[in-house]
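Read the figures in this text as sums done on the coordinates, not as results from a lab. Because the structure is predicted, anything quoted here is derived from the model rather than measured. As a convention, Cβ positions derive from the backbone with ideal geometry for all residues, glycine included, and neighbour counts pool all protein chains shown.
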Amino acid sequence: CNHRDFMNYGVNGMRSTAVNSLLQTVARDPALDHPALVIFSLIGNDVCNGHPGTTHMTPPAVFKSKILEALATLDTKLPQGSYVLLVGLVDGRVLWDTMAERQHPLGPRYKDVYAYLNCNQVNPCHGFLNANASLRNETTRWARSLNEVYKQIVGNHSHKFSNFKMHFYDPDWQALIQKYVQAGGDAGDVIEPSDGFHPSQTGNELLSEALWNYLESNFTEAIGQPNEHNDAIMKTFGDQGGF
């Protein structure tokens, strides 16, 4: 009857240097459980922090070491035949491009809110929420260098794990927003309005749809076969609105 076997291990601010300790808590039984699909997504915390410049961004060599360490831990936790989808760090320039000139719910424009956060040294992402275009571009370059590490890990045949296969998915947030706008939506709806930094519920829905489409087109085996007990599940639990 456990027809909703879903676990969310998301932690705000998680980055590669700490993710292995989080994965130690994954509750899977490699011998008894069905194969799992793990969405491994650090979003942007390895380049996002409140410090000016790039000195506190994770170097690619450190990132690679920590990601391999985390994947090795997953290999001890997951049943054989599992799948891991590594999701790339975002190009966060979309935040400034979308929100800077808009009005924050408190009254000022978002770019003024970002400047206020920088002034008080509490900006969650100094590299992206910043009027300095050169710094925003450099932060994107750094994020892309970490995504290259993901690609190297997936493409390197020496990085093989016993219990899962891997794919890398790099979401294009600019394209997601453009598609939403072309369908009649407002770009600002995609970003959480209070902080102008995280995806909103709408943004998460757009990402979920894009991620699912990627799985269907490129990593179909990770979706698995329909549950043979679906009819019994519907009879027992009824239609609960998709939740």
Under a 5 Å amide H to amide H cut-off, with H placed in plane at 1.01 Å, what residues pair with Val38 once short-range neighbours are removed? Tyr83, Val84, Leu85
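Based only on Cα atoms, what mean projected area does the convex hull of segment 31-151 have, in nm²?
Values: hull surface 37.0 nm².
Mean orientational projected area (segment 31-151, Cα hull): 9.2 nm².
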So how do 193-205, 7-19, 217-229, 75-87 stack up, highest first, on mean other-Cβ count within 10 Å? 75-87, 193-205, 7-19, 217-229
Using Cα extents along the principal axes in Å as the read-out, say which of (i) 55, 38, 30; (ii) 92, 48, 39; (iii) 54, 44, 29 was calculated from these coordinates. (iii)
Quickly work out the Cys119-to-Asp239 label distance, labels modelled 7 Å from Cα along the C-beta direction, and quote it in nm with one decimal. 5.5
Could you tell me the calculated FRET efficiency between Gln80 and Ser145, based on Cβ-Cβ distance and R0 = 25 angstrom, to the nearest 0.05? 0.15
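Find the Cα radius of gyration of segment 75-133, compare it with 2.2 N^0.38 Å by division, and give the number to two decimals. Numbers along the way, then the final one.
Working: Rg = 17.8 Å, N = 59, 2.2 N^0.38 = 10.4 Å.
Here the answer is 1.72, to two decimals.
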Anchor Lys165: lysines whose Cα lies under 22 Å away (excluding residues fewer than 8 positions away in-chain): Lys64, Lys66, Lys77, Lys151
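Mind ranking 230-236, 68-74, 118-124 by how tightly packed they are, going by the mean number of other C-beta atoms within 10 angstrom, highest first? Before the final figure, lay out each step's value.
Working: 230-236: 10.9, 68-74: 17.4, 118-124: 13.9.
Those peptides, ordered most packed to least, come out 68-74, 118-124, 230-236.
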What per residue convex hull volume, in Å³, comes out for segment 151-241 when only alpha-carbon positions are used? 183
Label-zone membership for segment 167-205, site Ser217, 7 angstrom Cα→C-beta point, backbone N under 16 Å: 168-180
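For a quick protection proxy, order the peptides 28-35, 53-60 by their average other-Cβ count within 10 Å, most packed first.
On the way: 28-35: 12.9, 53-60: 15.4.
Ranked by mean Cβ neighbours within 10 Å, highest first: 53-60, 28-35.
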For segment 39-103 and segment 4-33, what is the centre-to-centre distance using only Cα atoms, to the nearest Å? 15
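Computed over the Cα atoms, what is the radius of gyration of segment 1-95 divided by 2.2 N^0.38 Å, N being its residue count?
Values: Rg = 15.1 Å, N = 95, 2.2 N^0.38 = 12.4 Å.
Here the answer is 1.22, to two decimals.
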